Amino acid sequence: MTFQDADAERDDLAGLTALQLRDALAAGQESAVAVTRHFLAVTARRNPELGAFISLDPEAALRRAEELDARFADAGPTGALHGMPLAFKDLVDVAGMRTTFGSRVAAEAPPAPEDDPLAYAVHSAGALSTGKTTVPEFGLPCHSENLISAPARNPLDPTRTAGGSTGGGAAAVASGMLPFAPGNDGGGSVRIPAAACGLVGLKPGRGTVPTDQQEDSVRNLSVSGPLARNAADAALLYDAMLGGPGGEGRSLARALVARPERLRIGYSTASPFSPDLEITLARPAMDALTAAAAALGRDGHEVVEADVDYAPGYHADFRTVWTAALTRVPLPEGAEGLLGPLASHFLELARGYSEPFLTESVERLTAWAADSRRQLAAHDVVLTPMLAFAPPAIGTFTALPPAEDYELQCRFTPYTSMINVMGLPAISIPVLRDAEGLSWSVQAIGRPGTEGQLLALAARMERLLA
């Protein structure tokens, strides 16, 4: 279903940040219906080119907007995100919408009967969903191509991938189809598309978001986090994901105006995938890291090269743990024949692991994570590049045999999955644009519990690099 009212698109709304838009809605200066109609109109115009959404439900979105406007007339705004349109990736259940996981296995699934806990929390804060955004099959790759919908394309260059697995959400935010988007990140799935599309993307620490799985284990890789056009907008959505009180949901975003305390900041290009894989950084990736470190040094922080020496074996043990997760997906009888090549390859690998083999990999990865956390803890924040090279053209990964496809993904994103294994918070921060208009970001890695500090650092860098 599509929305065809082009007259609903408004330049004045397009120019607002998410925080400004939320304030206008909370003050009654804009109605939820008018705002929703605007974003649906932008989506109708831009989604055919960019493939940000697997499915849209404009009628449900407008019904929800009408309900919010009616409640506002009686009792004021509903929560911290009153009237804000957004969309969850198609791995998260939203009541009344189908969850396909980007797979032919679930392409004809019935609509979900109720919201996933994260969707429930965000909707309870007053947000509304316009549809479900594009993901790769089961969210496994770092791009957003699948066999049931158009690929998510990069608004900065539509011939290139938007990244993944929250690639559809990133494409929607970067192109103005949404003010911000919730994502989840199991190996970089928020930070990678944020970097590819020039957005801020926060990966909270393991167990920080209440609706996430709380088990403290290297097998528990996925966390929920926001993608937005700036740090304050990301903070606004993150507050709601944390379940912040309705009237105070803007507190974290407002706090970002304060200058961060003086930090000891390390920078590093060491990757745990070396020496198993050749990691080659494009010149703009290094330029972004250098520019970020220099700007923070001028701002009064202590900036030094981090002495990091990752223990060997990460590549093999992470692949084991990553692929083993697919055996926990409840596949219906005979579904294997419907899987795409990469998921099929991963499932074949996973089914070949003996229990002792998997246990030993988990134990080694656990020890690796503890040692790596200890090394990074010498600094308040550690900076790395985000992407090793520019987002590849659509079809680059999927044209390769599955094993080579996976290795190229690791070489493209050599600094992201390690943070999930360590369970630490990290944020992708845009730093510069190259001659082709592509965005290049750095990753800032924090200590446990420093998500607010990372958002404040991102906000400070926005001002330093402006």
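The values are calculated or read from the model by the stated rules, or taken from the named source; none is laboratory data. Not measured: the values here are computed from a predicted model. Here the Cβ positions follow ideal geometry from the backbone for every residue, glycine too, while neighbour counts run over all protein chains shown. Each accessible area value is taken on the protein alone, full model and side chains, heavy atoms only, with ligands, DNA and RNA left out. Shrake-Rupley method; radii C 1.70, N 1.55, O 1.52, S 1.80 Å.
Overview of results
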| quantity | calculated |
| --- | --- |
| Close pairs (7 angstrom Cβ cut-off, 6 or more residues apart or separate chains): open to solvent by 20 Å² or more (accessible area, probe 1.4 Å) and assigned to a loop (DSSP other than H, G, I, E, B) in region 275-295, among the aliphatic types (A, V, I, L, M) and modelled with pLDDT of 95 or more anywhere | 279/388; 280/388; 281/388; 282/388; 282/390 |
| The lone exception for residue 333 - which of (1) open to solvent by 70 Å² or more (accessible area, probe 1.4 Å); (2) within 23 Å of the chain's Cα centre (by Cα); (3) over 16 Å from residue 140 (Cα atoms) it fails | (2) |
| Pair list, Cβ under 7 Å, 6 or more apart: region 181-202 residue within 22 Å of residue 128 (Cβ to Cβ) and open to solvent by 10 Å² or more (accessible area, probe 1.4 Å), other residue assigned to a strand (DSSP E or B) and polar (S, T, N, Q) | 184/224 |
| Neighbours by Cβ (under 7 Å, 6+ apart or cross-chain): first from region 371-398, basic (Lys, Arg); second outside any loop (DSSP other than H, G, I, E, B) | 373/422 |
| Selection count, region 18-74, where residues are under 23 Å from residue 193 (Cβ atoms) and aromatic (Phe, Trp, Tyr) | 2 |
| Every residue from region 432-460 that is surrounded by 20 or more Cβ atoms within 10 Å (Cβ to Cβ), assigned to a helix (DSSP H, G or I) and touching a strand residue (DSSP E or B) at 6+ places or on another chain (Cβ under 7 Å) | 451, 454, 455, 457, 458 |
| Selected residue (criterion: nearest to residue 465 (Cα to Cα)) from residues of region 293-328 that are among the small types (Gly, Ala, Ser) and under 27 Å from the mean Cα position of the chain (by Cα) | 295 |
| Residues located in region 62-96, provided they are more than 15 Å from residue 236 (Cα to Cα) and of a type in the set (Gly, Ala, Ser) | 65, 70, 73, 75, 76, 87, 95, 96 |
| Of residues in region 1-18 being among the aliphatic types (A, V, I, L, M) and modelled with pLDDT of 95 or more, the one nearest to residue 98 (Cα to Cα) | 18 |
